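Here's the structure, in structure tokens; my notes come after.
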Amino acid sequence: MQKQTGKSGGSGGGTPAKRGRPFGSTTGSGAAAAAAAAAVGDPGAPAALVGPSLQVLSALSDQNNKRIVLALQSGLKSEILWALNALTVLSFKEKDDFRRDTTPLTKVPGLLDALLQVIDEWRDIAMPKDHLKPPRVRTLGANTTLSGFGQEDMEKVYSDTGTASNDQSKTEESSVTKKRTASFWFDEDGLFNNDDEGRAERQQCAIAASNIIRNFSFMPENETIMVQHRHCLETVFQCLEDQNREDDELITNMLETLVNLAPVLDLRIFSSSKPSFIKMTEKGAVHAIMGMLSSSVKPWHCAAAELIGRLIINPDNEPFLLPVVPQIYKRLVDLLSVPAYDAQAAAVSALYNVAEVNMDCRLKLASERWAVDRLLKIVKMPHPVPEVCRKTSMILESLVSEPQNRMHLLVHENTFAEILTTEGKYSDTFARILYELTARPSNKVTSGHAIWGNIN
């Protein structure tokens with residue numbers, strides 16, 4: 001089950017644009033698009049179209065919304081694959097696609113819960129044996145004899161496999177088999193975990209479901225219902241917590257979903273009165289984000305940096321992020337030295353928003369080792385994206401506005417003057433920075449103290 005991905009712009013100021021697939025995490029999607037279109041598409045494609053295209057029946061979601069939800073809840077392989085293929089096409093939209101029949105989540109009641117159920121069922125199967133998690137009663141396909149996942153051999157399960165020497169021992173073996181059969185459907189080693197092929201197919205279904213949730217997060221009309229759905233957010237953050245055990249593509253989909261929802265996401269939902277399915281707190285959510293930020297995988301730490309920059313815009317999220325600001329600054333400053341331009345852009349975008357929170361954040365950033373030096377290098381190189389250079393110069397200007405930071409910035413006075421004379425685009429900003437450093441009377445006194453010492 002491959003995935004279809006769209007394109008979107010990078011980070012921006014004000015209302016952040018939707019984020020697309022991070023660099024290096026895309027896979028070929030031609031076969032998936034063709035298969036999904038064949039499953040739910042219109043066979044009569046217009047002859048005027050040139051190149052690959054997706055033909056979607058306009059009334060598919062209206063006529064089959066209940067069937068799609070029931071298919072996801074059935075536990076049958078054929079039904080689940082049909083529903084996932086249909087939803088993949090309905091939730092996918094090219095950047096220049098003029099198709100009007102978008103499918104908001106409110107249009108299909110129970111759809112988000114059904115998709116999360118597919119992911120939860122896979123995660124229950126994938127948990128290691130020593131994981132301290134209470135047993136969960138299985139509901140997917142519990143009323144079916146065969147689900148279609150893997151090479152199910154029910155004869156071995158229900159037949160007597162022991163070799164009895166007499167009739168009495170054979171009777172005892174049969175009774176043992178019957179006792180095992182009674183709880184077979186709800187056992188961790190039951191029907192859905194009896195071979196590697198079934199596990200792989202369940203994993204692919206979970207990945208496809210996560211891709212659909214990611215696609216739905218690009219639609220503005222879905223933001224409200226997704227950020228208010230506690231089970232959805234708990235599942236997303238739990239997947240991020242298990243980055244060392246979970247599938248990479250599943251984690252990437254969940255992380256991008258969070259980045260899309262971050263501007264309207266309120267972490268206080270984890271302490272609200274809404275029913276909780278997974279024990280997740282605000283502190284646990286921040287810990288999961290920091291784990292992604294410290295990851296060595298470039299798409300993950302870039303997305304995590306952008307996620308932090310978007311979350312902290314909301315004042316309600318500040319109390320949960322401020323305790324880890326020193327760790328955030330240290331990691332973001334490290335990303336500034338990475339040769340990859342997208343990593344630098346993500347770090348600058350996050351620093352731009354975090355530095356505007358309060359005075360303490362600006363003081364900590366200026367005192368961070370190599371922070372000012374690496375910010376200046378991005379402007380001097382310069383970075384190929386002018387918006388990144390502009391935000392970098394604005395960060396430096398916000399740092400110099402605090403009197404306690406001027407001693408850290410006076411060391412780079414010559415560099416400021418050099419950029420002022422060579423970079424015309426940002427000359428106004430660096431002129432204001434030099435004025436703050438040298439022209440005010442308080443700064444002259446500070447310079448005199450630095451040269452002559454304290455004069456009583």
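Note on the stretch 275-298: residues that are of a type in the set (A, V, I, L, M, F, W, C), within 15 Å of Ile251 (Cα to Cα) and part of a loop (DSSP other than H, G, I, E, B) total 1.
Check Leu351, Leu321, Leu363 and return the single one that is within 23 Å of Gln243 (Cα to Cα) and either out of contact with any Cys (no Cβ under 8 Å at 6 or more places or on another chain) or among the β-branched types (Val, Ile, Thr) (or both).
Working: Leu351 fails: within 23 Å of Gln243 (Cα to Cα); Leu363 fails: within 23 Å of Gln243 (Cα to Cα).
Of the residues listed, the single one that is within 23 Å of Gln243 (Cα to Cα) and either out of contact with any Cys (no Cβ under 8 Å at 6 or more places or on another chain) or among the β-branched types (Val, Ile, Thr) (or both) is Leu321.
Residues that are touching a residue at least 24 places away in the same chain (Cβ under 8 Å), out of contact with any Asp or Glu (no Cβ under 6 Å at 6 or more places or on another chain) and of a type in the set (D, E, K, R) are absent from the stretch 259-267.
The helices (runs of 4 or more DSSP H) located wholly in the stretch 330-416 that include 1 or more residues which are open to solvent by 10 Å² or more (accessible area, probe 1.4 Å) and aromatic (Phe, Trp, Tyr) occupy 341-354.
Given the criteria farther than 20 Å from Ser349 by Cα and crowded, with 17+ Cβ neighbours inside 10 Å, does Met226 qualify? If you could, list the steps in order and put the result at the bottom.
On the way: farther than 20 Å from Ser349 by Cα: yes; crowded, with 17+ Cβ neighbours inside 10 Å: yes.
Taking the combined requirement at face value, the residue satisfies it.
The values are calculated or read from the model by the stated rules, or taken from the named source; none is laboratory data. This structure is a prediction, so every number in the text was calculated from the model and none was measured. Backbone-built Cβ (ideal geometry, glycine too); neighbour counts: all protein chains shown. Note: accessible area is taken over every heavy atom of the protein model, side chains too, but ligands, DNA and RNA are not part of it. Shrake-Rupley method; radii C 1.70, N 1.55, O 1.52, S 1.80 Å.
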